[in-house]
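Working notes, structure below.
The values are calculated or read from the model by the stated rules, or taken from the named source; none is laboratory data. Since this is a predicted model, take the numbers as computed values, not measurements. We place every Cβ from the backbone using ideal geometry, glycine too, and count neighbours over all the protein chains shown. Heavy atoms of the whole protein, side chains included, go into the accessibility calculation; ligands, DNA and RNA do not. Shrake-Rupley method; radii C 1.70, N 1.55, O 1.52, S 1.80 Å.
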Amino acid sequence: MTLGVTFGRQDGAALVRLSGEIDFANAAAIGREIVHRTGMSGPVLVDLTAVSYLDSAGVRLLDALVADLEGQGRRLRFVVGASGPARMTLMLRAFRDELLAADPDEAAAELGRGPAYPGVP
């Protein structure tokens, strides 16, 4: 299965929707595309609800994205739904829970209200 990527905006946040498999074969390329397409656009919302597979390279990509955006003082949320492969993989890897959201509308609204996590304006 291939990776699908779409870009848009939701409630003032850059929206990135990913579907399919995120793995060693495509993680670096998608990371570069996300950084390029979201630029310095403020908060970023990454929807992973349609991701069917996420390997360790995909988790490293998401972790690097967090580090890059935090370093720029930008807020970020990953929409992973209430269940599914992305949520399960990130929970098993002890990914920061405050970055995960079940509902995209709620996550976008939170990003618009203020800090998604302590220490980042």
Legend entry - Computed lengthening from S52 to E106, 0.36 nm per intervening residue step minus Cα-Cα distance: 17.2 nm
Inset, instruction - Could you tell me the convex hull volume per residue, in Å³, taken over the Cα atoms of the chain? - result: 87
Legend entry - Size of charge dipole - the chain - debye, nearest 20, with Cβ of Lys, Arg +1 and Asp, Glu -1, no other charges: 220
Legend entry - Residues of the chain: accessible area per residue with a 1.4 Å probe, Å²: 50
Inset, instruction - Give the angle, between 0 and 90 degrees and rounded to the nearest 10, that separates the Cα long axis of helix 56-71 from the longest principal axis of the Cα atoms of the chain. - result: 20
Inset, instruction - Could you tell me what percent of the accessible area of the chain is made up of carbon and sulfur, with a 1.4 Å probe and every protein chain present? - result: 55
Inset, instruction - For helix 104-113, report the angle its Cα long axis makes with the longest principal axis of the Cα atoms of the chain; keep it between 0 and 90° and round to the nearest 10°. - result: 30
